[in-house]
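The values are calculated or read from the model by the stated rules, or taken from the named source; none is laboratory data. Just so it is clear, the structure is predicted and the values come from calculations on it, not from any experiment. Please note: Cβ atoms are built from the backbone with ideal geometry, for glycine as well, and neighbour counts cover all protein chains shown. Quick note on the areas: whole protein, heavy atoms, side chains included, nothing else; ligands and nucleic acids left out. Shrake-Rupley method; radii C 1.70, N 1.55, O 1.52, S 1.80 Å.
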Amino acid sequence: MANSSYLKKRRSFFNIEGVIFMIIALYILFSVISFLRRDQIRFYEVREGSLVRENQYTGLILREEKAYNAVKSGYIHFTVSEGRRVSKGAELYTLDETGNLEKYLSDHPELQENLSEQQIMEIRNRLESFSRSFRDDEFYSLYAFPSGMDGDNLAFSGEDGIKYLNSILNQLGISYTVENAKEAGVVSYILDGYENWKEEDLSADTFRNANGKKVYIHGGDRVEEGTEIYKIISSSNWSLVFPLTEEERNSLENRHKVTLSFSNPDLELSGELFFIHGKDGALYGKVELKNYIDYFLEDRFVEFSLKEKEESGLKIPASAVVQKEFYVIPNEFLAVSADGSQGFYRQESDGSTKFIATEIYRKDQQFSYISIPKDEDSHVLKTGDVLRKEGSSDSYSIGPTKSLEGVYNINKGYAVFRQIIPLEKNDEYIIVEKNTSSGIEVYDHIVLQGDMVSDGQLIFQ
C-alpha cells in the first residue's frame with residue numbers, strides 16, 4: 001500500500017511538471033511566432049553627406065551651321081564621311097548625272113571591297129563608338145548610322161579614295177560634277193530643317209516638335225537639283241536653349257556658370273547661363289558651350305539635367321521622417337520661477353494663477369513649442385487651459401498647434417522625437433542641418449521607418 005501511494009504521488013508530481021513545461025513551451029513558441037510575424041523595426045546610423053538638386057530639361061541645340069543644296073540632279077557619291085572635318089575647297093562629293101557610274105559599281109561590287117588599312121580602322125572606331133552610345137529609347141540613331149558606313153562612303157573617302165573614284169570616272173568617260181566645301185568645318189549628311197534656325201524663332205511649338213523627321217542622304221542616292229544634301233558646322237561653339245518657369249529662373253538667378261549632365265552620351269559640360277525670351281514672350285534658358293559638338297551631330301533635341309544646388313549636412317532616409325504636433329504658445333507668456341524653472345502661469349478655477357513648470361521642446365522668435373500630453377495630468381498644460389502673462393491681464397487659451405518635422409532617435413533604447421531642419425531632399429534621402437537644438441548628430445541611431453513607432457516606445461536594437 002505504501003509503494004502504491006508513493007507511485008501515485010510521483011506520477012502526480014510528473015504530471016504537474018509536464019503541464020508547466022508544456023505551458024512554458026507554448027509561451028515560447030507563441031512569442032517566437034509573434035516576433036517573426038510582426039513588422040521589424042530597423043534603425044539607421046546617421047552619417048554626413050550631400051545631395052545635388054537636378055532638374056530635368058529638354059533642350060534645342062543651336063550651332064553655327066549651314067545647309068547646302070545639290071548643284072545638279074544626279075547620283076551622289078560622297079568622298080568625305082559623316083562627321084569629318086574638312087577645309088574650305090576640299091572635295092565633298094561627286095554627282096553622276098547619267099547614272100553610268102552607279103550601274104558600273106553595281107556590276108563590279110569588288111571595287112568597293114578593297115578597303116585600305118586606314119579605312120578598316122575607321123570602320124572599327126565608328127562601330128565601337130556607336131555601340132557605346134546606342135540606346136533603345138533613341139532608335140532613330142540606328143537609321144542615321146548607316147549613312148556614314150556605306151561602302152561607297154568608305155571606299156571613296158580620304159585622299160586615296162578620291163583619286164580612286166576619279167580614276168574610274170575618267171577611264172569610263174563618265175560625265176560628273178565635283179562639289180567642294182564652301183567653308184571649313186564638320187560635314188554632316190543628316191538634315192532636320194533646323195540648320196538655318198535662330199533663337200529668335202523660339203516658341204512653345206518648337207518643343208512640341210521634338211521628334212521631328214530627319215533626312216538621311218546615302219551614297220548612291222539620286223538627288224534633285226536644289227535639294228538640301230549636306231550641312232557644314234563651322235564652329236565648335238554651340239548653345240542649348242530650353243523652357244524655364246519663373247520659379248526655376250529664381251533658383252538660377254545668381255548662377256552664371258552651370259553644369260549640364262547628359263546620359264547619352266555620358267558626359268558633363270559646363271557653360272555660361274543666360275535668360276532669353278522667345279517670340280511668344282515665354283522665358284527660356286540658354287547655355288553657351290564650347291567643344292564636344294561632334295558628340296551631338298545626330299541630335300537636335302537632347303535631354304539633360306542641370307545641377308542647380310548642392311547641400312551638405314546630415315544625410316538621413318526620407319522614410320525616417322515623421323510629423324509631430326506641438327502646442328504653440330507666444331513667448332511673451334513664458335515665465336521663469338524663483339528656482340530658475342521655465343513655465344507658464346495657468347489660471348485656476350478660483351481665479352488665482354499657478355506656475356506650471358514646463359519642458360520647452362523648441363523656441364523660435366515667436367513661439368514656444370511644448371508637447372501635447374497623452375493623459376489629463378493636472379501638472380501639465382492641456383487644451384483649454386488659460387494662461388496669464390506675468391504682470392499683465394493678457395491671457396492666452398491653449399489649443400493652437402503646429403507640426404514639426406523630425407525623426408525618432410533610439411540611442412537610449414526608446415523612441416525620442418528629434419526635430420530636423422531639411423536643406424535638400426530627393427525621393428530617397430534628405431540632407432538636414434547640423435548642430436540644431438533638439439536635433440540629431442552624426443552616428444545617432446534613428447528609426448528607419450518612422451511611422452512604425454510612437455514617442456516613448458521601447459525599442460530593442
- Among the candidates Ser270, Ser235, residue that is touching a residue at least 24 places away in the same chain (Cβ under 8 Å) and small (Gly, Ala, Ser): Ser235
- Item | the range 246-265, subset among the small types (Gly, Ala, Ser) and open to solvent by 40 Å² or more (accessible area, probe 1.4 Å), residue farthest from Arg300 (Cα to Cα) | Ser251
- Message: If a residue must be under 19 Å from Glu48 (Cβ atoms) and surrounded by fewer than 16 Cβ atoms within 10 Å (Cβ to Cβ), how many such residues does the range 447-461 contain?
- Response: 0
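Being in a strand (DSSP E or B) and closer than 14 Å to Lys315 by Cα, is that true of even one residue in the range 403-417? Break it down into steps so the answer makes sense when it comes.
Looking only at the range 403-417, we keep the residues that are in a strand (DSSP E or B), and these are 403-409, 414, 416-417.
Of the ones still in play, those that are also closer than 14 Å to Lys315 by Cα are 406-407.
Yes - at least one qualifying residue is present in the range 403-417.
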- Query: Here is a list of conditions, (1) within 37 Å of the chain's Cα centre (by Cα); (2) open to solvent by 60 Å² or more (accessible area, probe 1.4 Å), and Asp444 meets all of them except one; can you say which number that is?
  - Reply: (2)
- Task: Could you check how many residues of the range 312-354 are open to solvent by 50 Å² or more (accessible area, probe 1.4 Å), over 30 Å from the mean Cα position of the chain (by Cα) and either within 22 Å of Val432 (Cβ to Cβ) or touching a residue at least 60 places away in the same chain (Cβ under 8 Å) (or both)?
- Result: 2
- Just name the residue that is modelled with the highest pLDDT out of those in the range 295-320 that are acidic (Asp, Glu) and under 20 Å from Asp192 (Cα atoms). Glu303
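Does Lys72 count as surrounded by fewer than 20 Cβ atoms within 10 Å (Cβ to Cβ), touching a Leu at 6+ places or on another chain (Cβ under 6 Å) and in contact (Cβ under 8 Å) with a residue 12 or more places away in the chain? Outline the logic, then answer.
Working: surrounded by fewer than 20 Cβ atoms within 10 Å (Cβ to Cβ): yes; touching a Leu at 6+ places or on another chain (Cβ under 6 Å): yes; in contact (Cβ under 8 Å) with a residue 12 or more places away in the chain: yes.
Here the answer is yes, as Lys72 does meet what is asked.
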- Item | Residue within the range 191-214 that is open to solvent by less than 40 Å² (accessible area, probe 1.4 Å), touching a helix residue (DSSP H, G or I) at 6+ places or on another chain (Cβ under 9 Å), aliphatic (A, V, I, L, M) and closer than 30 Å to Phe275 by Cα present | no
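Residues are listed down the side, and each one gets a yes or a no for (1) in contact with a Ser or Thr (Cβ under 9 Å, 6 or more places away or on another chain); (2) open to solvent by 20 Å² or more (accessible area, probe 1.4 Å); (3) among the hydrophobic types (A, V, I, L, M, F, W, C):
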residue: Ser392; (1), (2), (3): no, yes, no
residue: Asn409; (1), (2), (3): no, no, no
residue: Ala415; (1), (2), (3): yes, no, yes
residue: Arg418; (1), (2), (3): yes, yes, no
residue: Asp427; (1), (2), (3): no, yes, no
- Here the residues within the range 198-230 that are part of a strand (DSSP E or B) and not hydroxyl-bearing (Ser, Thr, Tyr) are Val215, Arg222, Val223, Glu228, Ile229
- Message: Which residue is modelled with the lowest pLDDT, if the candidates are limited to the range 27-49 and must be in a helix (DSSP H, G or I) and open to solvent by less than 100 Å² (accessible area, probe 1.4 Å)?
- Response: Phe35
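Just need a number here: residues in the range 423-446 that are without any contact (Cβ under 8 Å) to a residue 60 or more places away in the chain and either under 18 Å from Gln323 (Cβ atoms) or in contact with a His (Cβ under 6 Å, 6 or more places away or on another chain) (or both).
Here is the first cut: in the range 423-446, the residues without any contact (Cβ under 8 Å) to a residue 60 or more places away in the chain are 435-436, 439.
The next check asks that each one be either under 18 Å from Gln323 (Cβ atoms) or in contact with a His (Cβ under 6 Å, 6 or more places away or on another chain) (or both); those that pass are 436, 439.
Looking only at that region, the number is 2.
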